[in-house]
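The structure under discussion appears below in the form of structure tokens.
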Amino acid sequence: MRALLDEVMPEYDVHEVHSLWMPAPPADVFEAVKAVSAREIRLFGPLMRLRRFGRSRPVRDPKAPVIEEMQKVGFIPLGEQPGEEIVYGAVGRFWSPTGNMPRATGDFCAFNEPGYAKAALNFTVRAERDGSLVTTETRIVGTDADASRKFRAYWLLIRLGSGAIRRSWLKAIRRRLAKPLTE
């Protein structure tokens, strides 16, 4: 089965992929993917503050699902295969220290205004070894050669932090699954 991410962004300038096995059925894992909050992602706050040069722009509701909070700052849902994959995207000038907030765009795939980058990220869940494998992939493509060049330079600076956030996010999903239902 072709991933939704392949449909919304088949070509990209940079990408990264992270996976983590979870000792839970895929349906439970998929719900945890959608429910995990920014507060549960241990590296999210500190690395986002670092990215903003110490200026704190707190998540509006740190207890709310981080996916919902992402939509409040410009990420848009690009597709979902219930129980299997969810995809979000944003358009922005991510390399710019100011004015880099993602901008909402009605047709993410068709957007091609010069000077921007398009970022898409997904989470996929599939059954594996009496549990589930959760994979997240992030892809970014510039809308023109100059934007691609600027983003690649920026990527050299943030790649390690970006990967750390994704791995922390996966661990937060696993911790959420380990909590008793009464919490």
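Structure values in brief
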| read-out | value |
| --- | --- |
| Candidate aspartates and glutamates for bridging to LYS179, where Cα separation is under 13 Å - those fewer than 8 sequence places away on the same chain excluded | ASP28, GLU40 |
| DSSP-loop trypsin sites (Lys or Arg not before Pro) across region 106-160, with at most 10 other Cβ within 10 angstrom | ARG129 |
| From phi via Karplus (6.51, -1.76, 1.60), per-residue ³J(HN,Hα) for region 83-90 in Hz, x at Gly/Pro | x, 10, 8, 9, 10, 10, x, 8 |
| 5 angstrom amide H check on SER132, placed H, neighbours 5+ away | MET22, ALA24 |
| Exposure of TRP155 as accessible area (Å², to 10), given a probe of 1.4 Å and all protein chains | 20 |
| Spin-label zone in region 1-30 - amide nitrogen under 13 Å from a point set 7 Å from the Cα of ASP107 along the C-beta vector | none |
| Distant alpha-carbon pairs in region 135-183 (separation over 14 angstrom), percent | 65 |
| Difference of contour (0.36 nm per residue) and Cα-Cα distance, GLU128 to ASP6 | 41.7 nm |
| Cα-derived Rg to Rh of region 66-171, Kirkwood definition | 0.99 |
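The values are calculated or read from the model by the stated rules, or taken from the named source; none is laboratory data. The structure presented is a predicted model; accordingly, all values stated were derived computationally and were not measured. Positions of Cβ are generated from backbone atoms using ideal geometry, with glycine treated the same way; all protein chains shown enter the neighbour counts. Heavy atoms of the whole protein, side chains included, go into the accessibility calculation; ligands, DNA and RNA do not. Shrake-Rupley method; radii C 1.70, N 1.55, O 1.52, S 1.80 Å.
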